[in-house]
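Contents: one structure, followed by commentary.
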Amino acid sequence: MAAPGAAASADALFREGTGAYREGEYSRAARAFGEAAGRRPASGTLRNLGNAQWQGGQTGRAIVAWEQALWLDPFNRAARNNLRFARKAAQVEAPELSWDEVVSTWLPIDWWAWITGVSLWLAVGMVLLPGILRRRKAAWHQAVAALGIMVFLLSVPAHFGVHTRARIGFVVQKDAPLRLTPTQEAQVLARLSAGEPARCVRARGPYALIRTNRALGWIEQEQFRLVCP
């Protein structure tokens, strides 16, 4: 939870960003929304950040902001619609997700950790508590324990999908070079479009090794942003 001072500052920055956006000062709005999201991450703030960046011509950064808004709140329909429009306009694809990563997008990320923990302890409690309390184990104890185990087994893949999905990122600079090795003199394998998705394999100094739909190579970290805010 944000400290009271940080929360107040985030609210002030959000109001500043809203005012700047209405006045058409998109760079100032993006800066204010970005600082507000840094102090207190919120789906609505990140959605507005993406709106300001899109209006300012920063396609890649806007896509990242909207993806981060959905990372915090998958029910943010406005951010989802903005992403669909932006990808169509920029002619870039959405990231390819495995089935467990798709499931992990159904609920906010914090919920999966709670569901996993609560369902496990519920099942354990229904198995152990009757014996501890010296009571006969009833049919409903077994039914609740079975339900807890079922929910636990279903939530574990989603919880794992959250962690693997955190390695997904997006190119934020137009025509960003994807290099064979992490050096300025390395051969350029491809030129990446702003908003193009990739998975980060590892980082080395100012470079990150990423895997796109086209190739595996190195990109400067300042030209690439992970979805996990």
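The values are calculated or read from the model by the stated rules, or taken from the named source; none is laboratory data. None of these values were measured; they are calculated from a predicted model. Quick reminder, even Gly has a Cβ in these numbers, built from the backbone with ideal geometry, and neighbours come from all protein chains shown.
Per-structure values
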| read-out | value |
| --- | --- |
| Filtered residues of the stretch 169-195 (kept if β-branched (V, I, T) and either within 18 Å of Q53 (Cβ to Cβ) or touching a residue at least 60 places away in the same chain (Cβ under 8 Å) (or both)) | V171, V172 |
| Candidates A89, A158 - the one that is touching a Phe, Trp or Tyr at 6+ places or on another chain (Cβ under 6 Å), at pLDDT 90 or above, under 30 Å from A65 (Cβ atoms) and not polar (S, T, N, Q) | A158 |
| Some residue of the stretch 42-55 being surrounded by fewer than 20 Cβ atoms within 10 Å (Cβ to Cβ) and more than 19 Å from W71 (Cβ to Cβ) | yes |
| Matching residues, the stretch 15-52, being among the hydroxyl-bearing types (S, T, Y) and either without any contact (Cβ under 8 Å) to a residue 24 or more places away in the chain or in contact with a Leu (Cβ under 7 Å, 6 or more places away or on another chain) (or both) | S43 |
| Single match in R225, R202, R191 (criterion: under 18 Å from L83 (Cβ atoms) and either of a type in the set (G, A, S) or in a strand (DSSP E or B) (or both)) | R225 |
| Test: residue in the stretch 129-151 that is in a loop (DSSP other than H, G, I, E, B), among the hydrophobic types (A, V, I, L, M, F, W, C) and touching a residue at least 40 places away in the same chain (Cβ under 8 Å) | no |
| Verdict on A194 being out of contact with any Pro (no Cβ under 9 Å at 6 or more places or on another chain), closer than 12 Å to R61 by Cα and of a type outside the set (F, W, Y) | yes |
| Number of positions in the stretch 210-222 that are surrounded by fewer than 19 Cβ atoms within 10 Å (Cβ to Cβ) and part of a strand (DSSP E or B) | 3 |
| Among residues of the stretch 94-138, those that are surrounded by fewer than 13 Cβ atoms within 10 Å (Cβ to Cβ) and of a type in the set (D, E, K, R), counted | 5 |
| Flag for L49 being aliphatic (A, V, I, L, M), touching a strand residue (DSSP E or B) at 6+ places or on another chain (Cβ under 9 Å) and at negative phi | no |
| Selection from the stretch 80-105 of residues that are under 30 Å from T116 (Cβ atoms), outside any helix (DSSP H, G or I) and of a type in the set (A, V, I, L, M) | A94, L97 |
